[in-house]
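Taking it in order: structure first as structure tokens, then the write-up.
The values are calculated or read from the model by the stated rules, or taken from the named source; none is laboratory data. On a predicted model such as this, the values are computed, not experimentally measured, just so you know. Cβ placement follows ideal geometry from the backbone for every residue including glycine, while neighbour counts extend to all protein chains displayed. What goes into the accessible areas is simple: the full protein's heavy atoms, side chains included, and nothing from ligands, DNA or RNA. Shrake-Rupley method; radii C 1.70, N 1.55, O 1.52, S 1.80 Å.
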Amino acid sequence: METLIDIVKIVTVMGILLGVVAYVVLLERRVAAAIQNRIGPNRVGWQGLLQPLADVVKLVMKEDIVPRNAHRFLHDLAPIISISIAMTTFAVIPFGDSITLFGRTIKLQIADINIGVLYILAMTSLGVYGVTLSGWSSNSKYSLLGGLRSSAQMLSYEISMGLAVIGVIMIAGSLRLDRIVEMQSGWMWNIVLQPIGFITFTVAAFAETNRHPFDLPEAEPELVGGYHTEYSGLKFGLFFLAEYSNMVVASALITTLFLGGWQIPYAAEMGLSGNLLSVLQVGAFCAKVLLLVLFFIIVRWTIPRFRYDQLMSLGWKVMLPLAILNILATGLAILLIG
Amino acid sequence: MDFERIFFFATAGVAVVSGILTITRRNPVQSVLFLIVNFFCIALLYLGLHAQFLAIIQILVYAGAIMVLFLFVIMLLNLGDENTLEEKSGYRKYIAVVLAAVVLVQILTVVAGGVTGPTGTAAAGFGTVEALGETLFREYLLQFEATSVLLLAALVGVIVIAKKKVI
């Protein structure tokens, strides 16, 4: 029975995640169009709502072209690594408290492991392999340069990302994500207690997901398409999907760690309880994630790209010291205030 | 055979095979990839011993950070023809063979003597972050700090050597 519940949870969450990712692509295109005073895709279905479906059909029908001297196996493996790591990261994120169905309490989180935060950091650090290997196996200079840039960038920002979370862990006293969310009840969200941690983590998340203004690995004017220059058809589609799932997962992470996760402030005072509250909490979690995704998109279309040396010096000379100072300050505050 | 035994032998088998492939592949990128597979197997073995923290750190530090750095350097050098990388000095090879033989003899004598680790059920909370933290920061605090200082000194040394002009 437990296994069955787990399977149902996995299938549901994966399905919803994939659907959301498909529509985030549409959202991005519509928002971009609005910012640039264009109309954007609005032909397929009402207001372009069936556009993701058309895109998928197009990608599946396309021919899969592999460069002649490419390393065939790794060329196939790289997009699979990218998408599976992007998806598995979501496994530990609690998207709600617990729900009671047919007299059985079900926790709204796929895997409740007691090293949740470390699991996420490990998964994000593995994500770089997809990009690096695609760059190397394509046997093309643009791909290789894109892969190299991305490895350097992800290595640099992983450190400040990991250090930014330590403040949150110190406050919660646990690596469990559900415990971290529980600690943020009411308005005691970690964004209030850890403003510097929030800012460093968010900036690092932008760099980790290769999103603008840190999308140097795929800077179009310089490197054509970056690491996925030599990809086409469904394999390109997988990279595309991975990029957007990374964005959704990063938003979910920021929500969980800093914006109170599924917490609704003053829910108990409003007299809500039971399954209704749980459903509302899941709704609150989704709303927070969606707002952050919108923030990611708006940033992409408003801020110019960094130069490569600026990116590196920002990572090592600003973000890293800030994150370390944040740990020191948090430690002092915990020692003095308790 | 119970599940634990099958799990152990499957993982250990893959670990050994990938370890051998790491040192026999001519292409350095393939070597690195097999080493990553090896690290994953070791992480799985830790997980089998209920050492969750150690397992995740194995992936986070070795597979996620150090091997990415290795791959990065190999790609940056972009070693085209692997066959030109033949060993130039001969005497090193002989010293290496002798040293490897010594280590092999040591391992064989220990294994032949019969290894008996501590047996029985582990204490509650064994291998968790809390237990590890208590041990590191209470029992072995001095050793832990000494190692940290050593690592810091190594880092500073690397920067001094890499920089032409130290400010």
To the nearest 10 degrees, how steeply does helix A:2-35 sit against the main Cα axis of chain A, on a 0 to 90 scale? 60 degrees
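Could you tell me the total accessible area buried at the A-B interface, probe 1.4 Å, in square angstrom to the nearest hundred? Don't skip to the answer; put the middle values down first.
On the way: alone 16460 and 13630 Å², together 28030 Å².
Chains A and B together bury roughly 2100 Å² of accessible area.
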Got a sec? Which residues of the stretch A:95-136 lose 50 Å² or more of accessible surface with every protein chain in place, vs. that chain alone, 1.4 Å probe? A:ILE115, A:LEU118, A:LEU126, A:TYR129, A:TRP136
Of chain B, which part is the longest with no trypsin sites (Lys or Arg not before Pro) in a loop (DSSP not H, G, I, E, B) and with at most 16 other C-beta atoms within 10 angstrom? B:89-162
Select from B:LEU60, B:LEU49, B:LEU141 the residue whose mean-square fluctuation is largest in a Gaussian network model of chain B (Cα-Cα springs shorter than 10 Å). B:LEU141
What does the charge count around A:THR89 come to, taking other residues whose C-beta lies under 14 Å from its C-beta (Lys +1, Arg +1, Asp -1, Glu -1)? -3
In deg cm²/dmol, rounded to 500, what helix-only [θ] at 222 nm does chain B give when every DSSP H run of at least 4 residues adds -39500 (n - 2.57) and the total is split over its residues? -22000 deg cm²/dmol
Identify which of A:ALA287, A:ALA252, A:ALA91 has the largest mean-square fluctuation in a Gaussian network model of chain A, with springs joining Cα atoms closer than 10 Å. A:ALA287
Mind checking which lysines have their Cα closer than 26 Å to the Cα of A:LYS9? Skip sequence neighbours fewer than 8 apart in that chain. A:LYS107, A:LYS288
Express the carbon and sulfur contribution to the solvent-accessible surface of the protein assembly as shown as a percent, rounded to the nearest whole number, probe 1.4 angstrom. 71 percent
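What's the magnitude of the charge dipole for the protein assembly as shown around its Cα centre, counting Lys and Arg as +1 and Asp and Glu as -1 at the beta-carbon? Answer in Debye, nearest 20. If you can, show how the numbers build up before the last one.
Working: 32 positive and 31 negative charges, 226 e Å.
Result for the protein assembly as shown is approximately 1080 debye, rounded to the nearest 20.
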Quote the accessible area belonging to A:MET270 in square angstrom, nearest 10, computed with a 1.4 Å probe and with ligands, DNA and RNA left uncounted. 120 Å²
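Given a cut-off of 20 Å, name the pairs among A:LYS141/B:LYS164; A:LYS58/A:LYS235; A:LYS62/A:LYS235 whose C-alpha atoms lie farther apart than that in the structure shown.
Details: A:LYS141/B:LYS164 30 Å; A:LYS58/A:LYS235 12 Å; A:LYS62/A:LYS235 10 Å.
Those over the limit are A:LYS141/B:LYS164.
Rounded to the nearest 0.05, what FRET efficiency do A:MET61 and A:THR302 give with R0 = 35 Å and r taken as the Cβ-Cβ distance? Could you check?
FRET efficiency, A:MET61 to A:THR302: 0.50.
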